[in-house]
């Protein structure tokens, strides 16, 4: 085990498959470990290079192993795939990760910090809520169009939707459904606003985020300077 210089890990939700090899590329060991066993194993293992695919959970594991003194390298899955041999299984995948990590021209992914991962999560949740809001607004337009009511495109129509409904003789049950959708849009808007304020606070507190904004825009945009600079959403009700 002392001759091991590189360990490839095939990540899983509950189990991890390890392939260890020496500096000549010869296999030394293969192990299947639980998450707890993985931590215990690397906490006592001599410092070496550890390679993984840059997938879900990889950044957390990379930070954890780096704290034990290991040199962690993350590889995009698309660069690992060409090195997978036939009879694919988890140990073969771990071996392929080692093969890819040995290539001198291989491009590696920088492990994200906790702050960067949190910011990415905020953005993804916000994008999901924006899609839900767009879907709900489109449903309002579609349902009313089926009853001969054509709404103008734009957020102003959604804000004055109760007045628009009162102008047309529509079935009470349809009006109730449209009102429920309107309230759903309002709820989504509130959630999106909270996430945008969270994103603004995190970027304004992060030195790397401020530098990146200045490189892209020449100065830190007002929407990233803090919650007080956020512009109201066009759909705010």
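Quick note: the coordinates plus some simple rules give every number you see, no bench work behind them. All values reported here derive from a predicted model rather than from experimental measurement. All Cβ positions, even for glycine, are placed from backbone atoms using ideal geometry, and neighbour counts span all protein chains on display.
The set of residues from the stretch 38-69 being touching a strand residue (DSSP E or B) at 6+ places or on another chain (Cβ under 6 Å) and loosely packed, with under 14 Cβ neighbours inside 10 Å comprises just one member, 66.
For the stretch 70-77, the condition holds for no residue, the condition being that it is surrounded by fewer than 15 Cβ atoms within 10 Å (Cβ to Cβ) and either in contact (Cβ under 8 Å) with a residue 60 or more places away in the chain or on the phi > 0 side of the Ramachandran plot (or both).
Taking the stretch 77-87 as the range and being part of a loop (DSSP other than H, G, I, E, B) and out of contact with any helix residue (DSSP H, G or I) (no Cβ under 9 Å at 6 or more places or on another chain) as the test, only 87 passes. Residue count for the stretch 92-107 under the criterion of being outside any loop (DSSP other than H, G, I, E, B) and either touching a helix residue (DSSP H, G or I) at 6+ places or on another chain (Cβ under 8 Å) or buried (at least 18 other Cβ atoms within 10 Å of the Cβ) (or both): the result is 9. Scanning the stretch 6-37 for residues that are farther than 16 Å from residue 83 by Cβ and buried (at least 18 other Cβ atoms within 10 Å of the Cβ) yields 11, 16, 18, 20.
Table: residues versus (1) farther than 11 Å from residue 137 by Cα; (2) surrounded by 14 or more Cβ atoms within 10 Å (Cβ to Cβ).
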site: 149; (1), (2): yes, yes
site: 154; (1), (2): no, no
site: 157; (1), (2): no, yes
site: 160; (1), (2): yes, no
site: 165; (1), (2): yes, yes
site: 170; (1), (2): yes, yes
site: 189; (1), (2): yes, yes
site: 192; (1), (2): yes, yes
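The residues of the stretch 108-142 that are assigned to a loop (DSSP other than H, G, I, E, B) and surrounded by 14 or more Cβ atoms within 10 Å (Cβ to Cβ), listed by number, are 111, 112. Checking residue 84 against (1) within 23 Å of residue 114 (Cα to Cα); (2) free of Cβ contacts under 8 Å to residues at least 24 places away in the same chain; (3) surrounded by 14 or more Cβ atoms within 10 Å (Cβ to Cβ): exactly one of these is not met. Which one? It is condition (1) that residue 84 fails.
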